[in-house]
Amino acid sequence: MASAAAKKKADGESSDPPVSMVARIALIMRVFDEPGARFRLDDIATRTGLPRSTVHRILDQLLVTGWIQRRPDGYSLSAGASTARHSPSEHPELRSVAAPVLNRLHLDTGLVVHLGVLIGTDVLVLDRIAGRAATAASGNVGTASRVGGRVPAHATALGKAILAQLPGEEIDTLFRPGLPKRSPRTIDDLPTLHQELGRIRARRGLAYENQELVLGTSALGAAIRADGLLAAISVGGAVPLEKLERLGPLMLRAAAHVTQRLSGQDEDAEPVRPQSDGVLGRLLRTLPADGWV
């Protein structure tokens, strides 16, 4: 009978855990990719395939550096690590590819333009373009949608465009704790949210935001679909939704263009080289040099 290691090798799987300490740290950090994830030591060892003693030693070091926190029910990312893992600097290619599209949308419409990615039940704003006229027209929505800020996905065109790409079961899981209201018009129950997402799918992915985040403002959003990326672009401001609706085809074309370039389908697209070494590089610079071999 073939050994378990031989079977793994025959199936194309690696029978040995990664040797590099960097790879081991990365493997452990990836366990916490899901927002709010919390695991016990044995769970992490099982998920990574690393020896329990190795996982324990690495987690102890991550606790010292503040990247991981430990509670009675298990380990989780610290607030600081969560912020660092989900910041605009972590998406250099998306921002670079989308930049000319955002600028074109702003020039063509004069409205506030946003780019965002889904983080849990929020949208992290990666980029925002707004001239003086657009800023004045959009009122206090500008504070809520600053670059690096977060807005609730269920209350924004950006977020609803992304949520419409997810299966219903995942929506139920994400919003099981509830849907907080940001204005009197915010959707605040799951059945209504599911109905809204169904309408977005019927519109080929075009999402409407009608005074759901801030009274007096509206927006259109369209999702970017590339390699599992949960992102979207939107245009909006202090404009009645009825006037924005005619921009629907323009928004869908803009999102499709970004999707094509990210997927390598645009022959004229130039390769984008990330300018940041990412969260793992920053994490490693905070760790002591001893005790890792």
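Things to note:
- Förster-model FRET efficiency, 41 Å R0, Leu107 and Leu215, C-beta, rounded to 0.05: 0.90
- Each principal axis of the Cα cloud of the stretch 89-130 was evaluated for its coordinate range; sorted largest first, these ranges are 32, 21, 10 Å.
- With the convex hull drawn around the C-alpha atoms of the stretch 197-246, the volume per residue stands at 85 Å³.
- Order by protection proxy (mean Cβ within 10 Å, highest first), peptides 184-196, 150-162, 210-222, 236-248: 150-162, 210-222, 236-248, 184-196
- Dimensionless Rg ratio for the stretch 159-231, taking C-alpha atoms and the 2.2 N^0.38 Å reference: 1.08
- The 1.4 Å probe gives accessible areas that order Tyr75, Tyr208, largest first, as Tyr208, Tyr75.
- Full extension of the chain segment joining Gln69 with Arg52 gains 4.3 nm, where the gain is 0.36 nm per residue of separation less the Cα-Cα distance.
The values are calculated or read from the model by the stated rules, or taken from the named source; none is laboratory data. Just so it is clear, the model here is predicted, and its values are computed rather than measured. Virtual Cβ from ideal backbone geometry, glycine too; neighbours counted across all protein chains shown. To get the accessible areas, we keep the full protein, side chains included, count just its heavy atoms, and leave off ligands, DNA and RNA. Shrake-Rupley method; radii C 1.70, N 1.55, O 1.52, S 1.80 Å.
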